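First the structure, in the form of structure tokens, and then the observations on it.
The values are calculated or read from the model by the stated rules, or taken from the named source; none is laboratory data. For clarity, every value in this text was computed on a predicted model and none was experimentally measured. Reconstructed Cβ throughout: ideal geometry from the backbone, glycine too, with neighbour counts over all protein chains shown. Remember, those area values only see protein heavy atoms, side chains included, never the ligands or the DNA or RNA. Shrake-Rupley method; radii C 1.70, N 1.55, O 1.52, S 1.80 Å.
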Amino acid sequence: ETSAAEIPSVLRFKLLAPAKRLLVKTPDGAVLLDLPQPAAGESEHDAVLHLADGGTDLVLSADFGEMPVETAVFLTVLPDGLEEQTRYATGSGLLEETLHYEWHHEH
């Protein structure tokens, strides 16, 4: 038995360097967030997440252009009524990573 829910959430990014573009998609390609030219630092954005069995996968893409040095993007998910969870991706240039979030409900 699978349980699925649409949960209003906040996505909080922390960028160590400014990017050309930041994209968050679901594994099936639906775009949740598309940020042109995000600055370094933290920003928060509203999104609705689809949780199946208490978990969700988010595909994070960040384009740092010609910057050769490795950097990191931290993505914290704050779903309504659940604790926040942070995952991160590291790399240089164009990085894309699937981040897995999971919440265990204690009934």
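Among the GluC sites (Glu not before Pro) within the range 39-101, which fall in a DSSP loop and have no more than 11 other Cβ atoms within 10 Å of their own Cβ?
Details: sites: Glu42, Glu44, Glu66, Glu70, Glu83, Glu84, Glu96, Glu97; in loops: Glu66, Glu70, Glu83, Glu84.
Passing sites in the range 39-101 are Glu66, Glu83.
Can you tell me the alpha carbon radius of gyration of the range 46-95 divided by the globular rule-of-thumb value 2.2 N^0.38 Å? Provide the component values of the computation, followed by the final result.
Details: Rg = 13.5 Å, N = 50, 2.2 N^0.38 = 9.7 Å.
After normalising by residue count via 2.2 N^0.38 Å, the value is 1.38.
Just add up the charged neighbours of Leu99: K/R +1, D/E -1, any other residue whose Cβ is under 12 Å from the Cβ of Leu99. Display every interim value, and only then the final one.
Numbers: positive: Lys25, Arg87; negative: Asp57, Glu96, Glu97, Glu102.
Charge balance near Leu99 sits at -2.
By how many nm would the segment from Val69 to Gln37 grow when fully extended, if each residue of separation counts as 0.36 nm and the alpha-carbon distance is taken off? Don't skip to the answer; put the middle values down first.
Numbers: separation 32, 0.36 × 32 = 11.52 nm, distance 1.79 nm.
That works out to 9.7 nm of additional length.
Any idea what the dipole of the range 20-107 comes to, in debye rounded to 20, about its Cα centre with Lys/Arg Cβ at +1 and Asp/Glu Cβ at -1? Walk me through the numbers on the way to the answer.
Numbers: 4 positive and 17 negative charges, 69 e Å.
Roughly 340 debye for the range 20-107.
Hey, what do the phi angles of the range 91-98 turn into as Karplus ³J(HN,Hα) couplings, whole Hz, using 6.51/-1.76/1.60 and θ = phi - 60°, x for Gly and Pro?
x, 9, x, 9, 10, 9, 8, 8
Around Gln85, with a cut-off of 11 angstrom between Cβ atoms, what is the net charge of the other residues, counting Lys and Arg +1 and Asp and Glu -1? Show your work: numbers first, answer last.
Values: positive: Arg12, Arg87; negative: Glu83, Glu84, Glu102.
Summing Lys and Arg as +1 and Asp and Glu as -1 gives -1.
Once you keep just the Cα pairs under 8 angstrom separated by 6 or more residues, what percentage relative contact order results for the chain? Could you put the intermediate results ahead of the total?
Details: 256 pairs, mean separation 33.4, N = 107.
Contact order relative to length: 31 percent.
Counting other Cβ atoms within 10 Å, keep those with at most 16, restrict to DSSP loop, and tell me which chymotrypsin sites (Phe, Trp or Tyr not before Pro) in the chain are left. Don't skip to the answer; put the middle values down first.
Working: sites: Phe13, Phe64, Phe74, Tyr88, Tyr101, Trp103; in loops: Phe64, Trp103.
Passing sites in the chain are Trp103.
With the dipole of the chain worked out from charges on the C-beta (+1 for Lys and Arg, -1 for Asp and Glu) around the Cα centre, which of Ala5, Met67, Tyr88 lies farthest toward the positive end?
Checked the options; the winner is Met67.
Mind listing the phi-derived Karplus ³J(HN,Hα) values for the range 43-52, rounded to whole Hz, using 6.51, -1.76 and 1.60 with θ = phi - 60°, and x for any glycine or proline?
Per residue, the Karplus-derived 3J(HN,Hα) values read 8, 10, 9, 7, 7, 10, 9, 9, 9, 10 Hz.
Note down the net charge around Asp63, summing +1 for each Lys or Arg and -1 for each Asp or Glu among other residues with Cβ under 14 Å from its Cβ. List each step's numbers first, then the result.
Working: positive: Lys20, Arg21, Lys25; negative: Asp34, Glu66, Glu96, Glu97.
Charge balance in the 14 Å sphere: -1.
Using a 1.4 Å probe on the protein heavy atoms, what percent of the accessible area of the chain belongs to carbon and sulfur?
Working: 3080 of 6220 Å².
Exposed carbon and sulfur together represent 49 percent of the surface.
Kirkwood Rh over Cα pairs of the chain into Stokes-Einstein at 4 °C, 1.567 mPa s: D in µm²/s?
Values: Rh = 14.2 Å.
The diffusion coefficient I find is 91 µm²/s.
Please give the FRET efficiency for His50 paired with Lys20, using the beta carbon to beta carbon distance and R0 = 35 Å, rounded to the nearest 0.05.
0.80
Short version: what are the Cα gyration tensor semi-axes of the range 7-48, square root of 5 times each eigenvalue, largest first, in whole Å? Intermediate values should be presented prior to the final figure.
Values: eigenvalues 71, 33, 10 Å².
For the range 7-48, the ellipsoid semi-axes come out as 19, 13, 7 Å.
For Ser3 and Thr90, FRET efficiency with R0 = 41 Å and r from the beta-carbon atoms, rounded to 0.05? If you can, show how the numbers build up before the last one.
On the way: r = 33 Å, r/R0 = 0.80.
In this case the efficiency is close to 0.80.
When ligands, DNA and RNA are left out and all protein chains stay put, how many square angstrom of accessible area per residue does the chain have with a 1.4 Å probe? Working shown, then result.
Working: 6220 Å² over 107 residues.
Result: 58 Å² per residue.
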